[in-house]
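The structure appears right after this line, and notes come after that.
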Amino acid sequence: MITTLIKDYEFETIIGLLEFERIRSQKVRINVEFQSSDFIDYVEVINFIESIYNEHKFKTVEKSLEVCSKSLKDKFGSLTLLKMEILKIEILDNALVGARFESKY
């Protein structure tokens, strides 16, 4: 089975619990791996993910992955494997912080 990769996709979104994170967008990096029984256009996946983040303005990276992964499976029902990672790349000068989700369907 072929695994499709989306690596180091960056965009700005509102995400976080701290007051300054709720009013100013910050840059995040998304990495996604998926397998599907049908063709899925990775550009469509990227655009869909960014639209989810723009719509929800999540308070935690964990909740963002929970909602995003469910939405991806709902939209792309042929997914058989999904791995997704979100990293906040501007919070610390010397580290990236985030979370990872993985599911087999």
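Here's the picture: a label point sits 7 Å out from the Cα of D93 along the beta-carbon direction, and within segment 14-43 nothing has its amide nitrogen under 17 Å of it.
For the Cα atoms of the chain, what angle does the longest principal axis make with the long axis of helix 61-75, in degrees from 0 to 90, nearest 10? Computed tilt is about 30 degrees. Here the simple spin-label model places points 7 Å from the Cα toward Cβ, and for S71 and R100 these points are separated by 2.3 nm.
Just flag the trypsin sites (Lys or Arg not before Pro) in segment 1-104 sitting in loop per DSSP whose Cβ has no more than 12 other Cβ atoms within 10 Å.
Working: sites: K7, R22, R24, K27, R29, K57, K59, K63, K70, K73, K75, K83, K88, R100, K104; in loops: R24, K57, K59.
Answer in residue order: R24.
With everything on Cα atoms, drop me the angle between helix 42-56 and the longest principal axis of the chain, reported from 0 to 90° to the nearest 10. Helix 42-56 sits at roughly 40 degrees to that axis. Charged neighbours of K7, selected by a Cβ distance under 11 Å, balance to -3 (K, R count +1; D, E count -1).
Charge tally for S25 (other residues, Cβ to Cβ under 15 Å; Lys, Arg +1; Asp, Glu -1): 0.
Each value in this text was obtained by applying a stated rule to the coordinates, not by laboratory testing. Values in this document were obtained by computation on a predicted structure and should not be read as measured data. All Cβ positions, even for glycine, are placed from backbone atoms using ideal geometry, and neighbour counts span all protein chains on display.
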